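Asks: I have a structure I would like to understand better, so I am pasting it below and will then ask my questions one at a time.
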Amino acid sequence: MVAMVPAQLPIVQIRQTYAKIGIDADFGTQSLEQPRPTMEIQSTKSIQEMELPRGQLTIDSQRAWDAMGRGGHLETMKRIYGQGTQIALEYIGKTAEEGDQLASIAKGGDMIAELARDIRLEFGQYRFEGPAGFDNVDITYVASPARIHVKDGDVTVNARVNMPIHDFRRGKLDIYMQQYNHVEFTPPPPQIDLKL
C-alpha cells in the first residue's frame, strides 16, 4: 500500500493599496464695516425779549422842609394859630409888668426911656418850624414787574442710515489624488513534483 502525502495548495498573495485624496484649503476672509449714519441737524435760536419798565420812586421831603421853618403856608398858619393864645397871655403879662414899672416913678430914673430902649420887633416867640427828626424824608419805591417773552427755538434732525459694507474673499480649495488605489496579485512560485 502506497502512503498518500497531502499536497500543499498554492497560496496567491494579494496586496491592496488604498487611494488617498489630498485637500489643500485656505480659510476665506470677510470684512464687515458699518458706517455711521449721516445726520443733518438744523436748529433755530430761541428768542427772548425782556422789557423792564422803570419803577416809581417817590421822595417826600415835606416834613424836612417843615422842620427848617419852610413848610407849607397852611401848616405854618395852623401852628401860629395854635400858639396864639399862649403868646397873647405872655404878652398881657409882659404889658402888665411894664405898666408896673411905669407906675413906680418914686424909684426914680427915666422908665419910659428904658422901656423904649428895650422895644424891638420880636417874632422869636412863635415857632414856625415843625419837629426835627432823622427820618423826616420819606422814600417810597415801587418796582414795575418785568415783562419777559420767550419764543422757543426748534431743532430738526434728519438721520439717514448707511448700508453696511461687506467684503468676502473666498479661500482656496484644491482637491487632488495623492495616491491611487491598486491591487497586486503575486502567484506562488511553480512547484513541480518530480517524484512520481
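Asks: Using a 1.4 Å probe, what is the accessible area per residue for the stretch 1-91, in Å²?
Replies: Values: 8770 Å² over 91 residues.
The answer is 96 Å² per residue.
Asks: How large a share of the accessible area of the stretch 27-87, in percent, is made up of carbon and sulfur atoms when the probe is 1.4 Å and the other protein chains stay in place? Before the final figure, lay out the partial values.
Replies: Details: 2970 of 5550 Å².
Exposed carbon and sulfur together represent 53 percent of the surface.
Asks: Based on the Cα coordinates of the stretch 24-84, what is the per residue volume of their convex hull in Å³? Don't skip to the answer; put the middle values down first.
Replies: On the way: hull volume 10.8 nm³, N = 61.
Cα-based convex hull of the stretch 24-84, divided per residue, equals 178 Å³.
The values are calculated or read from the model by the stated rules, or taken from the named source; none is laboratory data. Since the model is a prediction, treat every value here as computed from it, not as a measurement. Heads up: the accessible areas ignore ligands, DNA and RNA and are worked out on the full protein's heavy atoms, side chains in. Shrake-Rupley method; radii C 1.70, N 1.55, O 1.52, S 1.80 Å.
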